[in-house]
Amino acid sequence: MILEPIQVIGGGLAGTEAAWQIAQAGVPVILHEMRPLRFSPAHHTENLAELVCSNSFGAMASDRAAGLLHEELRKLDSIVISKADEHAVPAGGALAVDRGKFGEDLTQTLANHPLIDLRRGEVKEVPGGIVVLASGPLTSPQLSADIQQFTGLEYLNFFDAASPIIVGDSINRDIAFMASRYDKGEAAYLNCPMSKQQYLEFREALCQAEQTELKDFERETAKFFEACLPIEEMAQRGEDTMRYGPLKPVGLTDGRTGERNYAVVQLRQEDKAGQLWNMVGFQTNLRWGEQKRVFRMIPGLENAEFVRLGVMHRNTFLNAPQLILPTLQFKQRHTLLAAGQLIGTEGYTAASAGGWLAGTNAARIALGKEPLTLPNTTMMGSLFEFISGAAPKHFQPMPPNFGIVPDLGVKIKSKPEKYGRYRDRSLANLDQWKSQYFSSLSRNLNNS
């Protein structure tokens, strides 16, 4: 049977992994990468899988979210993680790589594969046939416009102003109280109350905290987002600016005391199980260490555990819950799949994981087989279930974290023990799942 090539758009981590998995399944693939004919503002080399920020893939330990994702990908024969292991450099407890050798090796490895046709040049519109979109957070303007037209969304390419997300178990419920403003509907927000002195001290800390320097192309974009002001900018505009904005206490009464507080920080539930909580209105450009220091001044958040911190940067990503299935197929076109930061996953390893699933399912479609979903007890499965099933109205990109994994069903106070149990369950379920769909450790899709 002669198979038409699958087209993968984007040679980052997700596109590289997707192209490799397709080719390893015996299906020809065309991998499009616009560099070096055209560079994004963040890229500097023509290598595939260029690491544009840190050279770290996160914690190595498998009882950490990133480390568990590494281990899952090793079990699934990920080319990206294999090369990361091969080119690892000392970095304490993190998996970090020699980024030059890592990118060069992946570029050569894919270019030498007999079923991979690496083409250099910009793709300006989504082609027909089976396609994997992996063009990343800096998708070119013309391709962005075509994706926007296809999805029908009002916007696609925009300045990403995301608030921190906190693990629910780390919030002090003796201080934070459940309530909705004016008691409308079911109490849906956790509210962290502040006295006047606490508010003024918090505002002063915000005004003095160190910010992240925006890149030139991001600074230009940021001018148009007055409605998404960073919380520190609000603090600098006046003593009461935050109290008339996201920290307004109006309509919020602590049912335990009957008092209305001077200011209130609201947390909105981020997931169905209530394990993750979003800091409402706290988009910020503070450095990550400063965010932890200052935001833990908020009553009830003194021991807050952050699964993601606030960011402000130019970003292109889809509203995945509206558009994407857990198989990473588009709901309105099942032969079109997407992976990487474009679908709202964060981090190098998450991009590689998305590339693995999108590439695997693209190959299965070409071979006339049903696409796969991963068990939601795995880090990969829970991540893709989250981005396809979150509330579209409040969707923000999500990194791998244990807050999105289904609860164990038993109360475990020790975090190392709890995370170890998550790991053991994930890897056992992944082994069982793999034995069901793949005939050998080398994953021959043709025989699955």
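The values are calculated or read from the model by the stated rules, or taken from the named source; none is laboratory data. Computed from a predicted model, the values in this text were never measured in an experiment. A quick note on method: Cβ atoms are made from the backbone with ideal geometry, for glycine too, and the neighbour counts reach across all protein chains shown. Just so you know, the surface numbers come from the protein's heavy atoms only, side chains and all, with ligands and any DNA or RNA stripped out. Shrake-Rupley method; radii C 1.70, N 1.55, O 1.52, S 1.80 Å.
Residue-wise test of (1) charged (D, E, K, R); (2) out of contact with any strand residue (DSSP E or B) (no Cβ under 7 Å at 6 or more places or on another chain); (3) surrounded by fewer than 21 Cβ atoms within 10 Å (Cβ to Cβ); (4) at pLDDT 95 or above.
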site: L3; (1), (2), (3), (4): no, yes, yes, no
site: I6; (1), (2), (3), (4): no, no, no, yes
site: A18; (1), (2), (3), (4): no, no, no, yes
site: A23; (1), (2), (3), (4): no, no, no, yes
site: V29; (1), (2), (3), (4): no, no, no, yes
site: N55; (1), (2), (3), (4): no, no, yes, no
site: D63; (1), (2), (3), (4): yes, yes, yes, no
site: L69; (1), (2), (3), (4): no, yes, no, yes
site: V89; (1), (2), (3), (4): no, no, yes, no
Exercise for the section: Look through region 285-320, keep the residues that are out of contact with any Lys or Arg (no Cβ under 9 Å at 6 or more places or on another chain) and among the aromatic types (F, W, Y), and return whichever of them is surrounded by the fewest Cβ atoms within 10 Å (Cβ to Cβ). Expected result: W288
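Here's the yes/no breakdown for (1) more than 27 Å from D407 (Cβ to Cβ); (2) in contact with a His (Cβ under 9 Å, 6 or more places away or on another chain); (3) at pLDDT 90 or above:
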position	(1), (2), (3)
P249	yes, no, yes
N261	yes, no, yes
Q269	no, no, no
Q275	no, no, no
M279	no, no, yes
F282	no, no, yes
L301	no, no, yes
A304	no, no, yes
L309	no, no, no
Exercise for the section: Examine region 270-287 for a residue that is part of a helix (DSSP H, G or I), more than 16 Å from the chain's Cα centre (by Cα) and either in contact (Cβ under 8 Å) with a residue 12 or more places away in the chain or under 17 Å from I175 (Cβ atoms) (or both), and state whether such a residue exists. Expected result: no
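Residue by residue through region 412-432, note down the ones that are of a type in the set (S, T, Y) and open to solvent by less than 40 Å² (accessible area, probe 1.4 Å).
Scanning region 412-432 gives Y419, Y422, S426.
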Completion exercise
Checked against (1) polar (S, T, N, Q); (2) open to solvent by less than 10 Å² (accessible area, probe 1.4 Å); (3) more than 20 Å from the chain's Cα centre (by Cα), T253 satisfies every condition except (2)
Practice task
Output yes when any residue across region 338-356 is over 11 Å from the mean Cα position of the chain (by Cα) and in a strand (DSSP E or B), and no when none is.
Solution key: yes
Practice task
Name, by its number, the condition in (1) out of contact with any Gly (no Cβ under 8 Å at 6 or more places or on another chain); (2) modelled with pLDDT of 90 or more that does not hold for K413.
Solution key: (2)
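Has region 80-101 got at least one residue that is part of a loop (DSSP other than H, G, I, E, B) and within 30 Å of Q142 (Cβ to Cβ)?
no
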Handout entry: Any chance T335 is on the phi < 0 side of the Ramachandran plot and part of a strand (DSSP E or B)
Key = yes
Practice task
Filter region 112-124 for residues that are closer than 16 Å to T45 by Cα, open to solvent by 50 Å² or more (accessible area, probe 1.4 Å) and not in a loop (DSSP other than H, G, I, E, B) and give the result.
Solution key: R119, R120
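Matching residues to (1) of a type in the set (A, V, I, L, M, F, W, C); (2) outside any loop (DSSP other than H, G, I, E, B); (3) surrounded by fewer than 14 Cβ atoms within 10 Å (Cβ to Cβ); (4) modelled with pLDDT under 95:
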site: L190; (1), (2), (3), (4): yes, yes, no, yes
site: L200; (1), (2), (3), (4): yes, yes, no, no
site: F224; (1), (2), (3), (4): yes, no, yes, yes
site: M234; (1), (2), (3), (4): yes, yes, no, yes
Practice task
Confirm whether T327 is assigned by the TED database to the domain that holds A18, β-branched (V, I, T), part of a helix (DSSP H, G or I) and touching a residue at least 24 places away in the same chain (Cβ under 8 Å).
Solution key: no
Practice task
Report yes if L336 is of a type outside the set (G, A, S), open to solvent by 20 Å² or more (accessible area, probe 1.4 Å) and assigned by the TED database to the domain that holds A358, otherwise no.
Solution key: no
Problem - Of all residues making up region 91-111, the number that are under 30 Å from Y422 (Cα atoms) and open to solvent by 30 Å² or more (accessible area, probe 1.4 Å) - result: 3
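Quick check: anything in region 379-398 assigned to a loop (DSSP other than H, G, I, E, B), closer than 22 Å to L138 by Cα and in contact with a helix residue (DSSP H, G or I) (Cβ under 6 Å, 6 or more places away or on another chain)? Step through it out loud before you land on a result.
Looking only at region 379-398, we keep the residues that are assigned to a loop (DSSP other than H, G, I, E, B), and these are 390-391, 395-397.
Still in the running and closer than 22 Å to L138 by Cα: 395-397.
The next check asks that each one be in contact with a helix residue (DSSP H, G or I) (Cβ under 6 Å, 6 or more places away or on another chain); those that pass are 395.
Yes, there is a match, as at least one residue in region 379-398 is assigned to a loop (DSSP other than H, G, I, E, B), closer than 22 Å to L138 by Cα and in contact with a helix residue (DSSP H, G or I) (Cβ under 6 Å, 6 or more places away or on another chain).
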